[in-house]
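Below: one structure, written as structure tokens.
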Amino acid sequence: MFACFFASFLQVLSDPQKRAIYDQYGEEGLNDIPPAGYGNGSNGPNSRNAEDIFAEFFGSSPFGFQSESGATAGNGMFDSNNMFRSEGTTTTGTAPKKPPPVESKLPCTLEELYSGSTRKMKISRTVVDSHGRQAQETEILTIDVKPGWKKGTKITFPDKGNEQPNQLPADLVFVIDEKPHDVYKRDGNELMINRRVTLAEALGGTTASIDTLDGRTLSVPVTDIISPGFELVVPREGMPIAKEPGNRGDLRIKFEVKFPTKLTTEQRAGLKRALGG
């Protein structure tokens, strides 16, 4: 009803004679004038329907009217079945979902994380063939462990997880895990090692011999007096820094002084003389 009233009002605006009568006498003045379309075989004020008149002024109809051809008017935001259907939605179903990644630990020695290594991992996974049937597949994946990688570093192989019907394959993720070392302990980019020295070495000086993780031997002279808790820092002999190729952290040597359990009378006397006691 609103559409018919609006269409009639638009006809008044588009007809100079009717507009003049409306401006002077209002709507009652228009009722005394026979509609221009009567007598020509049409069914209303004009052979054009409300949708066509509105479209002439505004380009499209927001009312969802059916045109004479049977097509639904509008811009795609309305239809006769679902007034609030948004543009671009489909009724053919949702897209296949991708399941969460499958994670697996990759234990590495400190030597592998120091120098880098290449690991071959044999995996067995479920795949779906072209007929929708599931089958087992075996594959060997290559992982290049970079020098300096830390515990928790993730290596992702897209779509290498198990497949299920009507689902995308999951990603396969390997997470670096660090095996404990017998000699060294890692702290970020630094390496720490403990060394025991005798009281004579602690007071008289010594040279610490250190076997590195890549097979070298470091000779570190110690000229300072080693007191309990003494620590010596060797620059750039720690772990490689993954984000800074060619750069390394520091090596920290922590010393423990081994005191003698007993001394002879002569040894005691000699120490007192030497130490000024």
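The values are calculated or read from the model by the stated rules, or taken from the named source; none is laboratory data. Since we're looking at a predicted model, the values are computed, not measured. Cβ atoms come from the backbone with ideal geometry, glycine included; neighbour counts cover every protein chain shown. The area values use the complete protein model at the heavy-atom level, side chains included, leaving out ligands, DNA and RNA. Shrake-Rupley method; radii C 1.70, N 1.55, O 1.52, S 1.80 Å.
Those residues that are open to solvent by 80 Å² or more (accessible area, probe 1.4 Å) and of a type in the set (A, V, I, L, M, F, W, C), I need them from region 133-178; list them, please.
Correct list: I140 only.
Yes/no matrix, rows are residues, columns are (1) open to solvent by 100 Å² or more (accessible area, probe 1.4 Å); (2) touching a helix residue (DSSP H, G or I) at 6+ places or on another chain (Cβ under 6 Å); (3) modelled with pLDDT of 95 or more:
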| site | (1), (2), (3) |
| --- | --- |
| V220 | no, no, yes |
| D224 | no, no, no |
| P228 | yes, no, no |
| V233 | no, no, yes |
| G238 | no, no, yes |
| R248 | no, no, yes |
| R268 | yes, no, no |
| L275 | yes, no, no |
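If A170 satisfies all but one of (1) closer than 26 Å to P107 by Cβ; (2) assigned to a strand (DSSP E or B), what's the number of the condition it fails?
(2)
I143 is checked against (1) touching a residue at least 40 places away in the same chain (Cβ under 8 Å); (2) under 30 Å from E237 (Cα atoms) and fails just one. What number does that condition carry?
Answer for I143: the failing condition is (1).
Which condition number in (1) surrounded by 14 or more Cβ atoms within 10 Å (Cβ to Cβ); (2) modelled with pLDDT of 50 or more; (3) in a loop (DSSP other than H, G, I, E, B); (4) in contact with a helix residue (DSSP H, G or I) (Cβ under 9 Å, 6 or more places away or on another chain) is the one that R119 fails?
Here R119 meets the rest and fails (3).
Scanning region 207-218 for residues that are out of contact with any helix residue (DSSP H, G or I) (no Cβ under 7 Å at 6 or more places or on another chain) and open to solvent by 30 Å² or more (accessible area, probe 1.4 Å), which turns out farthest from K185 (Cα to Cα)?
Top of the filtered list is T207.
Against the conditions (1) aromatic (F, W, Y); (2) closer than 30 Å to S124 by Cα; (3) open to solvent by 90 Å² or more (accessible area, probe 1.4 Å), where does F259 fall short? Just the number, please.
F259 satisfies every listed condition except (2).
Considering only region 140-156, I want to know if a residue exists there that is touching a Gly at 6+ places or on another chain (Cβ under 7 Å) and assigned to a strand (DSSP E or B).
Yes, that holds for at least one residue.
Give me the strands (runs of 3 or more DSSP E) completely within region 180-277, filtered to those with at least 2 residues that are in contact with a strand residue (DSSP E or B) (Cβ under 7 Å, 6 or more places away or on another chain) and of a type in the set (S, T, Y), ordered by residue number.
Because the criterion is at least 2 residues that are in contact with a strand residue (DSSP E or B) (Cβ under 7 Å, 6 or more places away or on another chain) and of a type in the set (S, T, Y), the strands (runs of 3 or more DSSP E) in region 180-277 that meet it are 206-211, 217-222.
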